[in-house]
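Visitor: Okay, handing you the structure first.
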Amino acid sequence: MPPRIPGRYRMNVRLGADGDVEEWLATDEQLERPVLIRFPGPDADPGRVAQFLAPIRAAAATSHPHVQRVYAAGEVDHSAFAVAEWDGAVTVADRLKAGETLPIAEYLPNASGVAAGLAAFHANGGIHGAIDASAIHFSAAHPARLASFGRIPTTTTTEGDTAALAVVLRESETGTDNPSIRPSHVAEGIPTAVDDALEADEAGTLNAAGLADALRNAFLHRELEVEHAWSVKPLLLFATVVAILLSLSVVGLAIDVDPDSPL
């Protein structure tokens, strides 16, 4: 049974379990909007309750477009709960399971955005502890967002968080967990600078802010290359047309023309 959630939230549908965390789709009746409610299972002891709430409070203090918003949280009935925005809960793991990797146009800005969101979360004292492909929510209606706060942690450091995010960002573009396959190997147009940034991050030599900067710079460099390529194309087309016209002129002048011919 759920803990005693404040009365303004009407529990609608149990979505399932994220490890030992229960998830429900609910309605905030005061604001008339859907919300996601998460709480530890009934066997949670005081230590687990505190562990659940710590990253949620850091997330609530983080205002970033690539971090899922937390509206409310608290302890109740020897347990705890968190109320977060409802974004459809479609995850990168769902997309990969369906055989969909991220298009380049979506990948680069969202990858750098989530890394920047993680950096902001870390700046507020947060450690996610369990980032994987199911912890990144991403659909056509929303930018990619770091979510699933309050899981049982598998790492307790910011370095562990950032390395785990790098693995997710690599897999989301390659579609495989093979670490030897890098995004530029399978996606034409991904700069090798992205491979280098993710590899450095997985090795622990970049923090989240450094990863965000490296991915952002790779994105900007690619945009400049694309813009330059498009700016050159009209000139090439014009030069080609001029060359054809000149060739036809030369051929025409070289032909002996009979002035009495009907042609």
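The values are calculated or read from the model by the stated rules, or taken from the named source; none is laboratory data. These numbers come from a predicted model, not from an experiment. Reconstructed Cβ throughout: ideal geometry from the backbone, glycine too, with neighbour counts over all protein chains shown. These area figures cover heavy atoms from the full protein model, side chains too; ligands, DNA and RNA do not enter into them. Shrake-Rupley method; radii C 1.70, N 1.55, O 1.52, S 1.80 Å.
Visitor: Can you pull out the residues in the range 151-189 that are in a loop (DSSP other than H, G, I, E, B), under 19 Å from Thr205 (Cα atoms) and open to solvent by less than 50 Å² (accessible area, probe 1.4 Å)?
Guide: Thr155, Arg182
Visitor: Pull up the range 89-146, narrow it to residues that are more than 20 Å from Leu25 (Cα to Cα) and among the basic types (Lys, Arg), then point me to the one that is most open to solvent (accessible area, probe 1.4 Å).
Guide: Checked the range 89-146; the qualifying residue most open to solvent (accessible area, probe 1.4 Å) is Lys97.
Visitor: Which ones in the range 1-23 are of a type in the set (A, V, I, L, M, F, W, C), modelled with pLDDT of 95 or more, out of contact with any Pro (no Cβ under 7 Å at 6 or more places or on another chain) and surrounded by 13 or more Cβ atoms within 10 Å (Cβ to Cβ)?
Guide: Leu15
Visitor: Shifting gears a bit: Mind listing whichever residues of the range 65-117 are of a type in the set (Lys, Arg) and in contact (Cβ under 8 Å) with a residue 12 or more places away in the chain?
Guide: Arg69, Arg95
Visitor: Go through the range 70-84 and count every residue that is modelled with pLDDT of 95 or more and surrounded by 17 or more Cβ atoms within 10 Å (Cβ to Cβ).
Guide: Qualifying residue count, the range 70-84: 8.
Visitor: If you don't mind, another one. In the range 24-59, which residue that is assigned to a strand (DSSP E or B) and basic (Lys, Arg) is surrounded by the fewest Cβ atoms within 10 Å (Cβ to Cβ)?
Guide: Here the residue is Arg33.
Visitor: Any residue in the range 1-14 that is under 14 Å from Val35 (Cα atoms) sitting within a Cβ distance under 7 Å of a residue that is assigned to a loop (DSSP other than H, G, I, E, B) and open to solvent by 50 Å² or more (accessible area, probe 1.4 Å)? List the pairs, counting only those 6 or more apart or interchain.
Guide: Arg8/Glu29; Arg8/Gln30; Arg10/Glu29
Visitor: Six or more apart or on different chains, Cβ atoms under 7 Å: show the pairs whose first residue is in the range 15-44 and more than 22 Å from Ile136 (Cα to Cα) and whose second is among the basic types (Lys, Arg) and open to solvent by 20 Å² or more (accessible area, probe 1.4 Å).
Guide: Matching pairs, first to second residue: Thr27/Arg10; Asp28/Arg8; Glu29/Arg8; Glu29/Arg10; Gln30/Arg8.
Visitor: Which residues, counting only those in the range 62-90, are more than 17 Å from Asn12 (Cβ to Cβ) and among the hydroxyl-bearing types (Ser, Thr, Tyr)?
Guide: Listed by number, the residues that qualify are Thr62, Ser63, Ser79.
Visitor: Residues being assigned to a strand (DSSP E or B) and of a type in the set (S, T, N, Q): count how many of those fall in the range 60-87.
Guide: Of the residues in the range 60-87, 1 are assigned to a strand (DSSP E or B) and of a type in the set (S, T, N, Q).
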